[in-house]
1. Could you list, in sequence order, the residues of the stretch 35-66 that are within 8 Å of the chain's Cα centre (by Cα) and not hydrophobic (A, V, I, L, M, F, W, C)?
2. In the stretch 57-71, which residues are exposed (fewer than 15 other Cβ atoms within 10 Å of the Cβ) and charged (D, E, K, R)?
3. Can you name every residue in the stretch 72-92 that is among the acidic types (Asp, Glu), modelled with pLDDT of 90 or more and either in a loop (DSSP other than H, G, I, E, B) or surrounded by 15 or more Cβ atoms within 10 Å (Cβ to Cβ) (or both)?
4. Where residues in the stretch 61-71 are hydrophobic (A, V, I, L, M, F, W, C) and either in a strand (DSSP E or B) or in contact with a strand residue (DSSP E or B) (Cβ under 9 Å, 6 or more places away or on another chain) (or both), which of them is nearest to Asn22 (Cα to Cα)?
5. State whether one or more residues within the stretch 52-63 are out of contact with any helix residue (DSSP H, G or I) (no Cβ under 8 Å at 6 or more places or on another chain) and within 20 Å of Ile25 (Cβ to Cβ).
6. Counting just the residues of the stretch 1-34 that are exposed (fewer than 10 other Cβ atoms within 10 Å of the Cβ) and among the hydroxyl-bearing types (Ser, Thr, Tyr), which one comes out farthest from the chain's Cα centre (by Cα)?
7. Could you tell me whether Ala30 is of a type in the set (Gly, Ala, Ser), touching a helix residue (DSSP H, G or I) at 6+ places or on another chain (Cβ under 9 Å) and closer than 30 Å to Asp5 by Cβ?
8. Starting from residues that are assigned to a loop (DSSP other than H, G, I, E, B) and of a type in the set (S, T, N, Q), keep the ones in the stretch 18-60 and report whichever is farthest from His73 (Cα to Cα).
Amino acid sequence: METIDFSDYDIIIDAIFGTGINGEIKDPLATLISNLSKAKAYKVSIDVPSGINPDTGEKANVYFEPDLIITMHDIKKGLENFKDKTIVVDIGIRDNKK
């Protein structure tokens, strides 16, 4: 896999995996996620940072470390430790439990 220099980027958007990610992340994605997390750019995850379980917060062998998380509808239970850097976006889902 070709190594990409991310130092020229100002913003990196993480939307690699959805909420269903489970288990170990293998190469080439493991290397990509690791390199993206090390970049000096401002890093944003959409819904859930890649490599973090949205239900438990458990981190895979490698995970994206964002500066900001934009999540949908409500904060996922596994993102409670990230709530200071999480923005919840209303997407029109009604929650009768509230």
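1. Filtering the stretch 35-66 down to residues within 8 Å of the chain's Cα centre (by Cα) leaves 44-52, 63-66.
Residues satisfying the conditions are Ser45, Asp47, Pro49, Ser50, Gly51, Tyr63, Glu65, Pro66.
2. Listed by number, the residues that qualify are Glu58, Lys59, Asp67.
3. Result: no residue meets the conditions.
4. The selected residue is Phe64.
5. Of all residues in the stretch 52-63, those out of contact with any helix residue (DSSP H, G or I) (no Cβ under 8 Å at 6 or more places or on another chain) come to 59-60.
With the extra rule that they be within 20 Å of Ile25 (Cβ to Cβ), the set shrinks to 59-60.
Looking through the stretch 52-63, at least one residue is out of contact with any helix residue (DSSP H, G or I) (no Cβ under 8 Å at 6 or more places or on another chain) and within 20 Å of Ile25 (Cβ to Cβ).
6. Looking at the filtered set, the residue picked out is Thr3.
7. On the way: of a type in the set (Gly, Ala, Ser): yes; touching a helix residue (DSSP H, G or I) at 6+ places or on another chain (Cβ under 9 Å): no; closer than 30 Å to Asp5 by Cβ: yes.
For Ala30, the condition - of a type in the set (Gly, Ala, Ser), touching a helix residue (DSSP H, G or I) at 6+ places or on another chain (Cβ under 9 Å) and closer than 30 Å to Asp5 by Cβ - is not met.
8. Our first condition is that a residue be assigned to a loop (DSSP other than H, G, I, E, B); within the stretch 18-60, this holds for 18-28, 39-41, 47-51, 53-58, 60.
In the following step, the residues that additionally are of a type in the set (S, T, N, Q) were identified as 19, 22, 50, 53, 56.
Details: Thr19: 13, Asn22: 22, Ser50: 18, Asn53: 17, Thr56: 18 Å.
Filtering the stretch 18-60 for residues that are assigned to a loop (DSSP other than H, G, I, E, B) and of a type in the set (S, T, N, Q), the one farthest from His73 (Cα to Cα) comes out as Asn22.
The values are calculated or read from the model by the stated rules, or taken from the named source; none is laboratory data. As the structure is a prediction and not an experimental result, all values here were calculated from the model. All Cβ positions, even for glycine, are placed from backbone atoms using ideal geometry, and neighbour counts span all protein chains on display.
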